[in-house]
Each structure stands twice: as C-alpha cells, then as structure tokens.
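Notes follow the structure.
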Amino acid sequence: MERRRQDIDPLTGLGGQDLSSVAACWGAQLRGAPQLTAPLFGTAFEIFVEVGDASPKGNTMLDAQMKTQLQAYLQNLRQPIRLIATLDASEKSAELRELLLEIAELSDKVSFDDSGNDARKPSFVIAKEGETRGVRFAAIPLGHEFTSLVLALLWTGGHPPKVEAEVLEQIRALDAQMKFEVYMSLSCHNCPDVVQAATLMAIYNPKIDTTVIDGSLNQAEVEARQVMAVPMVYLNDQVFGSGRMSLEEIVGKLDTNAAARDAVKLSEKDPFDVLIVGGGPAGAAAAVYAARKGIRVGVAAERFGGQVNDTMGIENYISVLETDGPKFAAALEAQVRHYEVDIMNLQRAEKIVPAAEAGGWVQVHLANGGVLKSRSVILSTGARWRNVNVPGEQEYKNKGVAYCPHCDGPLFKGKRVAVIGGGNSGVEAAIDLAGVVAHVTLVEFADALKADAVLVSKLKSLPNVTIHVNAQTTEITGDGQKVNGLRYKDRATNQETLVALEGVFVQIGLVPNTEFLKGTLELSKFGEIVIDDKCHTNLPGVFAAGDVTTVPYKQIVIAAGEGSKAALSAFDYLIRTPAPAEAKVAETV
Ligand SMILES: Cc1cc2nc3c(=O)[nH]c(=O)nc-3n(C[C@H](O)[C@H](O)[C@H](O)COP(=O)(O)OP(=O)(O)OC[C@H]3O[C@@H](n4cnc5c(N)ncnc54)[C@H](O)[C@@H]3O)c2cc1C
C-alpha cells in the first residue's frame, strides 16, 4: 500500500488561522490565486494517510497533529453545521462514525448525529444546522479527498470560497433541479477538482444535490453503472462527464449561454503584443518572459497547466527536488498571474489567420466564435495521449480502457490488466499497477522494451507481470458493457493470442495538438510545428514552443526553456517590425 503525505496548508503555517489559505486551494486550482503557489500541499498541515485505505490509525481516524490543525481551521466556521450520518453495523460505518465524532469534537459549531436514512451506507451529509439537505459523501473522505471534506465543512459553514464572483453568480443562477453523483477513488489526483466543483455548486445552489461516492466502498453500484474510470460524473442519472474538469468547465457546460457571452467579450479585447495559445509549461514561461518586457500579453488556453495536470510526480524539474502535477500547474498559473497577464482559460483555438501585411495583426479564432488579435503569436498547444486505434478502444473508453494508471489503477484492484507500450511511461505504469492489480500483461510492438534499463529490470523482477515484445495489439475485446480481453499478434509467427482481462492501459506516447493548424503553417510528418533554433515558424510574427514543435525531448524543463526563447524572439520581432500604423506615422514625419 502506497504511503503518501497529504498536506493542506500551503503557506501560512498554522499560526495563520486565516482560512483563506485552505479555501484558496480551490481558487488556486481554478485561477491560480497569486498568494497560493502550492495549493494542496505545504509544510504546516501534514496528514498521513494510507492512500486507498482509510482505516483508523490506532484507535482514532485523525492523529493529534491533524486534530490540532483542523481545529484551527474550523474556527473559521461562521455558522453551525451538522454532520448527519447514515450508518449500519459494518466496520466502515464504525470508521466513519469515529471520523465524524472526532471532527465534531474539534468545534462547538459542528455537531453529529446518526439519524440519516440514505440508501448508501455508510454515508453522511454536511448540512447547515436546522437543515437536512447538503453535500453527501458516500465515502470516508481521507486520502486525496480529505481536502475536499475540509472545504465542504468550511463552505457549508459560511466560509467563502476563493472563486470569482462571476462564477458564483453563474452557479446561483442555474435554474434546474440537478442531481450530481461523483464517483472517485481516494488515490485519484484528478478527482478532488471535480469533487470540489460539484460540492461547491450544491452549497451555493439549493436546486443542486451532490453525492460524492467512493467507488471502492460502493462496489455493487460501480459495477452496475460500469464505472471504470474516475472521476466520473452522473447528472440526473446520465453520464455528464469523466476525467478532470474544472468548476468553470462544469458551469460552462450547464450554462448554455455562457459561450456566446464569452465570445463577445473576447472579441472586444484590445489587440495584444504577444498572444500565447496554450497554457502548459511552454506557454507559461513565454507569458512570464514576454510580460516582463512591459508589453501587453495574453494566454488563451484550453486547460491551463497542460499535461502536468495529469502528472503524479515530477522529480526532474531543476531546483525542485520533488513535486506533483497539480501543484506545479498552480505554481505556473500563480507566476503568470503575478505579471498581470490576461489569462483566458477554457478557450480553444480553432484557426489562426496570418497578418495581412508585415507587422499587422495575427488573428486567433476561438471555438466559441471569439476572435483575438495580436501583433505576435506563440503557439504552445502541446500534445495529448496517443490512441492505439484498434477495434474496441473507443467503444470501451472508461469501460476498461484507461490512460491514467495513477487515477484509475485502484478501480482494477485484484483484477487483470494489460499495459500497451514498453517505453518509460508503459513500464512505469506496469510497475505501478502490479502493486494494485492481480496481474499485468505488458504488450510492446518493438522487439525490445524501450524504457530505461533500471525500470526494465524492476519490471522483470515482479512476479505478477508478463511481458510480450514483438507483439502487435489487434483488438480490445468486450462483452458489450466492458472490456474482457486483449488480442495481440506475435509479429514473428503471426500467431494471435487472446488474453482474458478486465482493463487495458494505453501508454504509447503523445500526439501534437496541431490539427487546427493544418494548411496554415509548416508541420513535420509527425504533425509537429517546424521551428528553427529561435522558435520561428514559417509565418512572420508566429512562433512556437514546447511539445507541439519539432524540438526533441518532450519534457517540462525543455518546454519552459523553449517558451522563454519564443518570448524573447517575439519581443525581438516586435521591436524590429513596426506595426503598419506606426510605419505610416513614420513615413509622414
Ligand atoms: C503523465 C505524464 C507525466 C509526465 N511526467 C513528466 C515528468 O515527470 N517530467 C517532465 O519533465 N515531463 C513530464 N511529462 C511531459 C511534460 O508534461 C510535457 O513535456 C510538458 O507539459 C510540455 O509542455 P507544453 O507547454 O509544451 O505542452 P502541454 O503541457 O501539453 O500544454 C499545452 C497547452 O495547450 C493547450 N491547448 C491545446 N490545444 C489547444 C488549442 N487548440 N487552443 C488553446 N489551447 C490549447 C492545453 O490545454 C495546454 O494548456 C509528463 C507528461 C505526462 C502526460
């Protein structure tokens, strides 16, 4: 069992009883509040939990240090709240009772009773005193969800979230009865964002009901609904979405007029000097470097943070011994915001139109219809998971076909899985999964594993792993509901084998996000943007950086370096290329 430390208080230390630091976790994840560079982690509030196992430590659920610190946070409750539990005679119910009693003991504004009668047992509601409705957890929310629990307590108790007033207004204005059911696992680092978004919506809009469900505690339900990837969100008994989603994304999806309103606002913006498309490490570095030149900089990004949002551990960013993806992404955003860059998150570029004349405006057309203008553009749209493109992959996505072993591995506890891909990510995934699942079959197309030798030797030492090299995956099979096997062909003998299993993790690399650029600028045969050593593309005023380009080695530190270089090149272009209007003025002087 993996032992992981979950730290809540980012910066203030416990002396800082300003709960904004905890509430800001949310704000920082969404908006990268500048005061919070490390959203969920820090040094002051350290919670040791067995990830995936919320069993009591000794006789208690919370240790002395956690209690002291939680007590300090609970002083920020502005109104009394009640924890209403639905329990049965099970061991898990006993654990939940213990946890809730321990929390209630920490504040005279928190009370506990076990008068609930929900169908899900154990579960509990966090309600305002005198009410019975509120956010429900069918879970013992420790692990990655402990932060979600603390925030739900605080928000229900009147402590304000660090969320833009406009977004809260949008939530309050949603005018339909909505029942959200959010499936998560305690070891899923993508889940808290979604859990906290659905929680906040229920607290701010009485028409919204939210239940957070730990899949491992509610196995029958998970099996019945065929939930095989988390986070998975149901709205009114229909699948609403899966995977990491921010509050704005969820609200945007529910508020159907939001896109049109956004488009108008975006198109009315003044032109930028440097507009960056993409908000991963490359885009963030470009933004910081450009903004420090004192010019007008904007970032339009589909999901600020990029791939690092999906990364569990980062141990190779120079000067940072160890961090994790969400924390790193929040730090990127905080630094960019520090320079007052105009971040336009959740905006997907669909087309760029080159400048009509030298030094003129390049246009970036967005999916919602908005059009941004800038004298220079830096493209840093990164890359995404590559599909294996065999029958069954699309059909069984989230029904046994998965891409994130850290998120979805626990759902396959005790089951058999395959990993497709024998590079570093595939071998790492297989090692990781072998500790959770019953058996791992690794399938590699080439005739040898391509991962680092140290990883390969670790993999080969594991008793529950079978490796097939020179093996081409030909199909992911299923029973119509979920995956039940993987078929591969031995490339030497052409013999096909069907392996019976329940899950398939696809780990075969990345594909550049350049579809929207086809026909506009030069791309390599792999679809990467062709750049020179100063990040110029073949279009004047258009630069590119990071994983989306032909630069070798797709890594964070390299993307950041390339982004910085692209910004310096863009600045160089701006000072050497007068805008058409400026040029006309110069002629008449
Ligand atoms: C699971 C995983 C683990 C990794 N671990 C490590 C590690 O430990 N160390 C390391 O150095 N590297 C690691 N990497 C690689 C690293 O994350 C990437 O090299 C790095 O994120 C690339 O940065 P980028 O800015 O070029 O692109 P990305 O991070 O991909 O960011 C692209 C940005 O562009 C946006 N975007 C995409 N299309 C559009 C569009 N049409 N319009 C607007 N915006 C768009 C995205 O939303 C995102 O904001 C890992 C990658 C993965 C997937």
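All of the numbers you see were taken from the coordinates with simple rules; none came from a lab. Not measured: the values here are computed from a predicted model. Using ideal geometry, Cβ is built from the backbone for each residue, glycine included, and neighbour counts are taken over all protein chains shown.
Beta bridges assigned by DSSP with both partners in the chain are antiparallel in approximately 55 percent of cases.
Extending 7 Å from Cα along the Cβ direction at Asp533 and again at Ala446 yields two label points whose distance is 2.7 nm.
Helices that extend 24 Å or more along their long axis by alpha-carbon positions and average at least -0.5 on the Kyte-Doolittle scale are, among the DSSP H runs of the chain, 556-576.
Ratio of Rg to Rh for the range 502-582: 1.10 [Cα atoms; Kirkwood radius as inverse mean 1/r over pairs]. Can you tell me the mean projection area, over all orientations, of the convex hull of the range 156-217's alpha carbons? Units nm², please. For the range 156-217, averaging the hull's shadow over all directions gives 4.8 nm². Taking other C-beta atoms within 10 angstrom as a stand-in for reagent exposure, His338, His439 fall in the order His338, His439, fewest first. Close lysine pairs were tallied over the range 401-508: pairs 8 or more places apart or on different chains with Cα atoms under 22 Å apart number 10. Quarter the surface of the alpha carbon convex hull of the chain and you get the mean projected area, 28.4 square nanometres. Taking the fewest neighbouring Cβ atoms within 10 Å as the starting point, the ordered list for Asp255, Asp447 is Asp447, Asp255. Computed over the range 401-508, the P(r) tail beyond 16 angstrom holds 52 percent of alpha carbon pairs. Distance distribution P(r), the range 275-345, all Cα-Cα pairs, bin width 10 angstrom from 0: 23, 52, 23, 2 percent. Fully extending the segment from Ala94 to Gln71, taken as 0.36 nm per residue of separation minus the present Cα-Cα distance, adds 6.1 nm. Placing pseudo-labels 7 Å out from each Cα toward the beta carbon at Thr493 and Lys518 gives an inter-label distance of 4.0 nm. Cross-link reach is defined here as a Cα-Cα straight distance under 17 Å, omitting same-chain residues fewer than 8 places apart; for Lys128 the lysines meeting it are Lys109, Lys207. Where the alpha-carbon atoms of the range 445-518 are placed on the principal axes, they occupy 46, 38, 25 Å, in descending order.
Potential lengthening of the chain between Gln226 and Asn424 amounts to 68.3 nm, from the contour at 0.36 nm per residue minus the alpha-carbon distance.
For Thr477, nonlocal amide neighbours, meaning residues 5 or more places apart or on other chains whose placed amide H falls under 5 Å from its own, are Asn484, Gly485, Leu486, Arg487.
Once the cut-off is 15 Å, how many percent of the Cα-Cα pairs in the range 228-317 end up in the long-distance tail? That fraction is 72 percent. Placing a pseudo-label 7 Å from each Cα along the Cα-to-Cβ vector at Asp63 and Asp114 gives an inter-label distance of 2.7 nm. Sorting Thr381, Thr474 by the number of Cβ atoms found within 10 Å of their own Cβ, with the fewest placed first, yields Thr474, Thr381.
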